[in-house]
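The numbers here are math on the coordinates, done by the rules we state, and not lab data. No experiment lies behind these values; they were computed from the predicted model shown. Ideal geometry is used to build each Cβ from the backbone, glycine not excepted, and the neighbour counts take in all protein chains shown.
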């Protein structure tokens, strides 16, 4: 695993967590976290999807996506439900970075949605 790349994703994770909480998203809610994985070889992407599934993620069907330069790539999401817990998110990140490296595809970040607190 590329340590510099991992450090960038850790910083990204910290920024997203801080922004969600600063905006008032519910710190006690369970979130749907969507991790994005991208590749240009369907077989490798499929192997990565199987690995992600075995690691406990729900896996979406692969889709084609057109890049700004017109190239076509394949992508899927590895989805998991969890609280906004940095330690758990970093463990997921590390797991998916290893799966990406093993299968020669790219990890392309994660996202979730704002959840209004229930008062």
- Query: Highest GNM mean-square fluctuation, the chain, Cα pairs closer than 10 Å: which of 48, 88, 78?
  - Reply: 88
- Message: Once you keep just the Cα pairs under 8 angstrom separated by 6 or more residues, what percentage relative contact order results for the chain?
- Response: 41 percent
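Listed highest first by mean packing, meaning other Cβ atoms within 10 Å per residue, what order do 8-19, 59-70, 94-105 come in?
On the way: 8-19: 13.8, 59-70: 10.3, 94-105: 18.2.
Packing proxy ranking, top to bottom: 94-105, 8-19, 59-70.
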- Message: With n ≥ 4 as the cut-off for DSSP H runs, can you work out [θ] at 222 nm for the chain, using -39500 (n - 2.57) per run divided by the number of residues, rounded to the nearest 500?
- Response: -14500 deg cm²/dmol
- Please build a GNM for the chain, connecting alpha carbons under 10 Å apart, and tell me which residue among 77, 108, 23 fluctuates the most. 23
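What does DSSP give for segment 3-111 in terms of the percent of beta bridges that are antiparallel, rounded to the nearest 5?
Numbers: 20 of 20 bridges.
About 100 percent, rounded to the nearest 5.
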- Note on the structure: The distance between the Cα centres of segment 81-119 and segment 41-76, in whole Å, is 15 Å
